[in-house]
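Student: Could you have a look at this structure, given as structure tokens, before my questions?
The values are calculated or read from the model by the stated rules, or taken from the named source; none is laboratory data. This structure is a prediction, so every number in the text was calculated from the model and none was measured. Here Cβ is always computed from backbone atoms with ideal geometry, including for glycine, and neighbour counts include all displayed protein chains. For accessibility, only protein heavy atoms count, side chains too; no ligands or nucleic acids. Shrake-Rupley method; radii C 1.70, N 1.55, O 1.52, S 1.80 Å.
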Amino acid sequence: MFRLLSPAFDHQQEQTFRVLGAKLKTDPWANCAAPSGTQRGLPPETVVRDGSPLDVKANYAEVFDNEVGSYTGNVKMARADQQASSNTANYDSVSEVLDLHGNVYYSENELALSSETATLKLASDQAKLRDVQFITPTPLRGRAKTVYRDNKTLSRYEDVAYTSCKPGNQDWIVHASELKLNKTSGRGSAKNTWVEFKGTPVFYSPYLSFPIDNRRLSGFLAPVFGSTQNSGFNLSAPYYWNIAPNYDATLNPRYLTKRGVVLAGKFRYLTEQTNGTTNLEFMPDDNLTHKTRYQGSIKNNTEFTDKLKSKVDINYVSDKKYFAELGNALSFPNYSYLRSDADIRYQDKDVSFVTRVENYQSINATIPKESLPYRRLPQVNLNLDHTFKSLPLRTEMDNEFVYFQHNNLVTSQRFNTRPSVSFPLQTASAYFTPKASLQYTQYFLSSGAPGTPDSTSRTLPLLSADSGLFFEKDLNIGDSSFLHTLEPRLFYLYVPYQNQRDIPVFDTAQYDFSYSTMFRENSFSGTDRVQNANQVTAALTSRLIDAKSGRETLKLSVGEIFYFQDRNVTLPVRFRISDQEISQRMESSVDTSSFSPLVGELSSEMTDHISLATSLQWDPHQNEIVRGQATLHYVREPDEIFNVGYLYRKNNFIENTLNANNKALDDPLRSYVRSDDIIQSDVSFRWPIYDNWYALGRWQYSLLYNTTQEGFFGVEKENCCWRFRIIGRHYINNVNNISNSNINNDRTVEGTSQNGVFFQIELKGLTGIGEKLDNFFERNLYGYRKLQND
């Protein structure tokens, strides 16, 4: 490889580093590529040295007056955790001074070094060494012309060169004429410092000050930069200000080539009961919009007692396009709404109390005002429950009061209470839980249309019975032993019908149908709708569990709901096509089917590294598959990750709703409302290419519309010494058309696509520049985990 500079460490010095590494209790570079959370296996704390005897062995020894010893040939000395060897040594037991000469090796729990000569004052932990090579478990290794150890916490190095690269690798080296390390202050300083990378000088500074432990010190942080279509090249130079032990701030001005300067800052605080952050961003003048723009957030968590806590999360932006145009594209928030809330929570054994206020701000210019969620000013929940020890009896009472406020829609105060009693009967192989509930809801309405009532209420009983059996047996297949289970389950639900069309919808939607939702007492989330039901859910789960490892080798679940009456409770739906100014409100269709789709789920942990998860829904009335999903994961940490998935969803909701409301085939809504069907593939990976180079990426592709929904691709170089990453990302950052319904969580989103390029360079143990990509990878690559040094 081409180098402008000669290697900082010659072949003989590299051999010495390998010898020094072997003298430490653990290899400093053994876990450098391990995921976060992995125990590094550091050596135990330093053994108490004071009072420990010095043990000396040598080929020849002379002792004068039982005070001064002279040792020659293969000298080895040990005291507590300290080990030393040399050709010759002199030790004065009165002054406790040890002089070592020739092939000197010294090691302790946190250090290993070699030198030609060394003078150690054992009583004061002082030392002076010449022509030194050293290794620490940080990991760090280097050489110095002279090393002075003034005391246990202060050491000085002259003419020093060091790196965090393991022996044999000199990709980056730091050189300094003088280096000081102070463990008491947690600060290090260096003079005439320069950095070489791959044999090329890349940085120089006459003076540097830096932290040597986890204590916080004021100073500039590594710069961050990237590029997006909306803002151009962006560069930030953050400065960290350590105000006090429990207060700090980060000033982070950013420059966007297309838009100008953004002044940003973050303030953090911590007390015995409270911690929180305040973030502010301010752009005096956007070069493209010629407007002042800003955003801010306040987050606070307080723990008054173990049972009483509070949380504040307040967010605000100057305009709806702020995040789309100025935000960090790697951590882009929900593209529709910005949520703010504050709450107080009390949690005890049988009592749960929460009161909160909640507000939403639209951050999407295409979302109409009436689609903004309701504010809750406030919401109060008081839930009580008690399980009797002497009886199979459990009582519960859920209570809620909430005031819904909206600038463009009807507002309301809603009170809801739901007492219930259940009788859980359970043995080792069976359970049966009948339950009876009574739900009462009262609304006090205002700002409604003329002639509409100002109050309405609803009272409904709910009866359910959940039952199941558990069978198991040992099963031998070849040389493997398994535990095989059969778990049949029946769930009955009865709720009488009550017309609820006069009740507005404030916070209610319909759950997406899946295996788990078949056992809910209400198919709607929220309180504004309670389904009518006379139905039985029949399901069966079977597992094959490896007896040795406990791994769930195979799991199969099948279930279906049998309906004995139509589902007459519906939700209002609003369709809006903004460019045609079409906005119509109607009711969703009544479900008259006698059976739900047959749901099947199959999963398998085939090996320690390969897993499979699939699900399928077959509609007996349409005689077709309406939902399908399959994902295959291969994860062999930390190097090999490959995931492939397929999603199919046939959604007839829009068509059924238009038919139920007698919309003709030539109605404008049929021309402009887009289908909610989804046919999508999803592939993600991180895979080694050559010599610690990896390719990584993710591609979400719509097979229905032949478009890329989301994707990124990049490469990275990863070793114990340094890291380089670069990715290109194609993503959607704004929504401009929605086929939406209030009762369906599935929706197809069209948006403004954008491309961005982001990269990161990190010299491990020193510094890094560019975007930190690990959080982004954790969200988008299944199986990816941060590395130890992140």
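Student: Within the stretch 187-208, does at least one residue satisfy the condition of being under 34 Å from the mean Cα position of the chain (by Cα) and part of a loop (DSSP other than H, G, I, E, B)?
Tutor: So far as the stretch 187-208 goes, yes, one or more of its residues are under 34 Å from the mean Cα position of the chain (by Cα) and part of a loop (DSSP other than H, G, I, E, B).
Student: Could you tell me which residue of the stretch 367-385 is modelled with the lowest pLDDT, considering only residues that are crowded, with 18+ Cβ neighbours inside 10 Å and touching a strand residue (DSSP E or B) at 6+ places or on another chain (Cβ under 6 Å)?
Tutor: From the stretch 367-385, those crowded, with 18+ Cβ neighbours inside 10 Å are 367, 371-372, 374-376, 379; that's our starting set.
Keeping just the survivors that are touching a strand residue (DSSP E or B) at 6+ places or on another chain (Cβ under 6 Å) gives 372, 374-376, 379.
Working: 372: 88, 374: 93, 375: 94, 376: 95, 379: 96.
Among them, the one singled out is 372.
Student: Okay, next question. So is residue 276 surrounded by 16 or more Cβ atoms within 10 Å (Cβ to Cβ) and at pLDDT 95 or above or not? Give the steps one after another, and end with the answer.
Tutor: Values: surrounded by 16 or more Cβ atoms within 10 Å (Cβ to Cβ): yes; at pLDDT 95 or above: yes.
It is true that residue 276 is surrounded by 16 or more Cβ atoms within 10 Å (Cβ to Cβ) and at pLDDT 95 or above.
Student: Hey, another quick one. For the stretch 473-498, enumerate the residues that are over 16 Å from residue 545 (Cβ atoms), in contact (Cβ under 8 Å) with a residue 40 or more places away in the chain and either among the hydrophobic types (A, V, I, L, M, F, W, C) or assigned to a strand (DSSP E or B) (or both).
Tutor: Matches in the stretch 473-498: 488, 489, 490, 491, 492, 493, 494.
Student: Continuing with the same structure: Would you confirm whether any residue within the stretch 185-193 is at pLDDT below 85 and either within 30 Å of residue 291 (Cβ to Cβ) or open to solvent by less than 50 Å² (accessible area, probe 1.4 Å) (or both)? Explain how you work it out, then say what you get.
Tutor: Our first condition is that a residue be at pLDDT below 85; within the stretch 185-193, this holds for 185-188.
Restricting the remaining residues to those that are either within 30 Å of residue 291 (Cβ to Cβ) or open to solvent by less than 50 Å² (accessible area, probe 1.4 Å) (or both) gives 186, 188.
There is at least one residue in the stretch 185-193 that is at pLDDT below 85 and either within 30 Å of residue 291 (Cβ to Cβ) or open to solvent by less than 50 Å² (accessible area, probe 1.4 Å) (or both).
Student: Which residues, counting only those in the stretch 419-459, are open to solvent by 70 Å² or more (accessible area, probe 1.4 Å), over 39 Å from the mean Cα position of the chain (by Cα) and either within 19 Å of residue 519 (Cα to Cα) or of a type in the set (Asp, Glu) (or both)?
Tutor: 423, 425, 438, 454
Student: Inside the stretch 1-45, can you point out the residues that are at pLDDT below 85, among the hydrophobic types (A, V, I, L, M, F, W, C) and either assigned to a loop (DSSP other than H, G, I, E, B) or surrounded by 13 or more Cβ atoms within 10 Å (Cβ to Cβ) (or both)?
Tutor: 1, 2, 4, 5, 24, 29, 30, 32, 33, 34, 42 - these are the residues of the stretch 1-45 that are at pLDDT below 85, among the hydrophobic types (A, V, I, L, M, F, W, C) and either assigned to a loop (DSSP other than H, G, I, E, B) or surrounded by 13 or more Cβ atoms within 10 Å (Cβ to Cβ) (or both).
Student: Moving on. Can residue 491 be described as surrounded by fewer than 19 Cβ atoms within 10 Å (Cβ to Cβ), hydrophobic (A, V, I, L, M, F, W, C) and either under 18 Å from residue 597 (Cα atoms) or in contact with a Cys (Cβ under 9 Å, 6 or more places away or on another chain) (or both)? Give the steps one after another, and end with the answer.
Tutor: Working: surrounded by fewer than 19 Cβ atoms within 10 Å (Cβ to Cβ): no; hydrophobic (A, V, I, L, M, F, W, C): yes; either under 18 Å from residue 597 (Cα atoms) or in contact with a Cys (Cβ under 9 Å, 6 or more places away or on another chain) (or both): yes.
No, not satisfied.
Student: Test of understanding: among 336, 371, 318, which residue is of a type in the set (Ser, Thr, Tyr) and under 24 Å from residue 730 (Cβ atoms)? Lay out the reasoning, then the answer.
Tutor: Numbers: 371 fails: under 24 Å from residue 730 (Cβ atoms); 318 fails: under 24 Å from residue 730 (Cβ atoms).
Criteria check complete, one pass: 336.
Student: Related question: Condition first: over 14 Å from residue 56 (Cα atoms) and out of contact with any helix residue (DSSP H, G or I) (no Cβ under 9 Å at 6 or more places or on another chain). Now tell me which residues in the stretch 82-105 satisfy that. Reasoning before the result, please.
Tutor: The first filter runs over the stretch 82-105 and keeps only residues over 14 Å from residue 56 (Cα atoms), leaving 94-95, 101-105.
The answer is 94, 95, 101, 102, 103, 104.
Student: Just one of the numbered conditions (1) under 26 Å from residue 215 (Cβ atoms); (2) among the basic types (Lys, Arg); (3) modelled with pLDDT under 95 is not true of residue 258; which one?
Tutor: All conditions pass for residue 258, except number (1).
Student: Additional query: Restricting attention to the stretch 91-113, which residues are part of a strand (DSSP E or B) and either in contact with a Cys (Cβ under 6 Å, 6 or more places away or on another chain) or among the hydrophobic types (A, V, I, L, M, F, W, C) (or both)?
Tutor: So in the stretch 91-113, the residues part of a strand (DSSP E or B) come out as 91-92, 97-108, 111-113.
Once the filter is applied, which keeps residues that are part of a strand (DSSP E or B) and either in contact with a Cys (Cβ under 6 Å, 6 or more places away or on another chain) or among the hydrophobic types (A, V, I, L, M, F, W, C) (or both), the stretch 91-113 yields 97, 98, 100, 104, 111, 112, 113.
Student: Right, here's the next one. Among the listed residues 415, 388, identify the single one that is over 30 Å from residue 484 (Cβ atoms), open to solvent by 70 Å² or more (accessible area, probe 1.4 Å) and modelled with pLDDT of 95 or more. Spell out how you get there, then give the answer.
Tutor: Working: 388 fails: modelled with pLDDT of 95 or more.
Testing whether each residue is over 30 Å from residue 484 (Cβ atoms), open to solvent by 70 Å² or more (accessible area, probe 1.4 Å) and modelled with pLDDT of 95 or more leaves just 415.
Student: Related question: Restricted to the stretch 598-633, and to residues that are touching a Phe, Trp or Tyr at 6+ places or on another chain (Cβ under 6 Å) and within 19 Å of residue 538 (Cα to Cα), which residue is surrounded by the fewest Cβ atoms within 10 Å (Cβ to Cβ)?
Tutor: So the residue we want is 620.
Student: Going through 324, 264 one at a time, which residue ends up being among the small types (Gly, Ala, Ser), touching a residue at least 12 places away in the same chain (Cβ under 8 Å) and either closer than 24 Å to residue 211 by Cα or part of a strand (DSSP E or B) (or both)?
Tutor: Values: 324 fails: either closer than 24 Å to residue 211 by Cα or part of a strand (DSSP E or B) (or both).
Selected residue: 264, the only one of 324, 264 that is among the small types (Gly, Ala, Ser), touching a residue at least 12 places away in the same chain (Cβ under 8 Å) and either closer than 24 Å to residue 211 by Cα or part of a strand (DSSP E or B) (or both).
Student: Where residues in the stretch 226-253 are open to solvent by 40 Å² or more (accessible area, probe 1.4 Å) and among the aliphatic types (A, V, I, L, M), which of them is farthest from residue 753 (Cα to Cα)? First the steps, then the outcome.
Tutor: If we filter the stretch 226-253 for residues that are open to solvent by 40 Å² or more (accessible area, probe 1.4 Å), which is where we start, we get 227, 229-230, 233, 235, 237, 239, 241-243, 245-247, 251-253.
Filter again for among the aliphatic types (A, V, I, L, M), leaving 235, 237, 243, 251.
On the way: 235: 22, 237: 28, 243: 42, 251: 31 Å.
Here the residue is 243.
Student: Would you mind listing the strands (runs of 3 or more DSSP E) fully within the stretch 357-468 where at least 3 residues are in contact (Cβ under 8 Å) with a residue 24 or more places away in the chain and closer than 27 Å to residue 314 by Cα? Lay out the reasoning, then the answer.
Tutor: Working: elements: 375-387, 394-405, 411-422, 430-446.
Per the criteria, 375-387, 394-405, 411-422.
Student: Would it be correct to say that residue 286 is open to solvent by less than 30 Å² (accessible area, probe 1.4 Å) and assigned to a strand (DSSP E or B)? Can you show your working first?
Tutor: Numbers: open to solvent by less than 30 Å² (accessible area, probe 1.4 Å): yes; assigned to a strand (DSSP E or B): no.
So residue 286 fails the test.
Student: What are the residues in the stretch 55-89 that are part of a strand (DSSP E or B), open to solvent by 40 Å² or more (accessible area, probe 1.4 Å), farther than 23 Å from residue 110 by Cβ and in contact with an Asp or Glu (Cβ under 9 Å, 6 or more places away or on another chain), if any?
Tutor: Answer for the stretch 55-89, where residues must be part of a strand (DSSP E or B), open to solvent by 40 Å² or more (accessible area, probe 1.4 Å), farther than 23 Å from residue 110 by Cβ and in contact with an Asp or Glu (Cβ under 9 Å, 6 or more places away or on another chain): 68, 72, 88.
Student: Pairs only if they're at least six apart or on different chains, beta carbon under 7 angstrom, first in the stretch 152-170 and surrounded by fewer than 19 Cβ atoms within 10 Å (Cβ to Cβ), second part of a strand (DSSP E or B) and polar (S, T, N, Q); list them, first residue then second.
Tutor: 153/182; 154/182; 158/146; 159/177
Student: Separate question: Is there any pair linking a residue in the stretch 335-353 that is modelled with pLDDT under 95 and of a type in the set (A, V, I, L, M) to one that is part of a strand (DSSP E or B) and surrounded by 16 or more Cβ atoms within 10 Å (Cβ to Cβ), with Cβ under 8 Å and at least six apart or on different chains, and which?
Tutor: Between residues of the stretch 335-353 that are modelled with pLDDT under 95 and of a type in the set (A, V, I, L, M) and residues that are part of a strand (DSSP E or B) and surrounded by 16 or more Cβ atoms within 10 Å (Cβ to Cβ), the close pairs are 338/315; 338/317; 338/360; 338/362.
Student: Could you please find all residues in the stretch 209-226 being in a strand (DSSP E or B) and at pLDDT below 80? Before the answer, list the steps.
Tutor: If we filter the stretch 209-226 for residues that are in a strand (DSSP E or B), which is where we start, we get 209-211, 219-220, 224-226.
If the condition is that a residue be in a strand (DSSP E or B) and at pLDDT below 80, then 209, 210, 211, 225, 226 are the ones that fit.
Student: If you don't mind, there's one more thing I want to ask. Sort through 143, 130 and tell me the only one that's among the charged types (D, E, K, R), open to solvent by 30 Å² or more (accessible area, probe 1.4 Å), in contact with a helix residue (DSSP H, G or I) (Cβ under 7 Å, 6 or more places away or on another chain) and assigned to a strand (DSSP E or B). Lay out the reasoning, then the answer.
Tutor: Details: 130 fails: in contact with a helix residue (DSSP H, G or I) (Cβ under 7 Å, 6 or more places away or on another chain).
One residue alone meets the criteria, 143.
Student: Go through 396, 400, 358 for me and flag whichever is within 31 Å of the chain's Cα centre (by Cα) and modelled with pLDDT of 90 or more. Write out each step before concluding.
Tutor: Values: 396 fails: within 31 Å of the chain's Cα centre (by Cα); 400 fails: within 31 Å of the chain's Cα centre (by Cα).
Every option except 358 fails the conditions.
Student: Please specify each residue of the stretch 682-701 satisfying the condition of being crowded, with 16+ Cβ neighbours inside 10 Å and over 30 Å from residue 142 (Cβ atoms).
Tutor: Those that are crowded, with 16+ Cβ neighbours inside 10 Å and over 30 Å from residue 142 (Cβ atoms): 682, 684, 685, 686, 696, 697, 698, 699, 700, 701.
Student: Restricting the search to the stretch 525-541, which residues are open to solvent by 10 Å² or more (accessible area, probe 1.4 Å), on the phi < 0 side of the Ramachandran plot and not in a strand (DSSP E or B)?
Tutor: Answer for the stretch 525-541, where residues must be open to solvent by 10 Å² or more (accessible area, probe 1.4 Å), on the phi < 0 side of the Ramachandran plot and not in a strand (DSSP E or B): 527, 531.
Student: Out of all the residues in the stretch 126-135, is one or more without any contact (Cβ under 8 Å) to a residue 40 or more places away in the chain and more than 25 Å from residue 91 (Cα to Cα)? Don't jump to the end; show me each part of the working.
Tutor: Filtering the stretch 126-135 down to residues without any contact (Cβ under 8 Å) to a residue 40 or more places away in the chain leaves 126-132.
Add one more test, that the residue is more than 25 Å from residue 91 (Cα to Cα), and what stays is none.
No, that holds for no residue.
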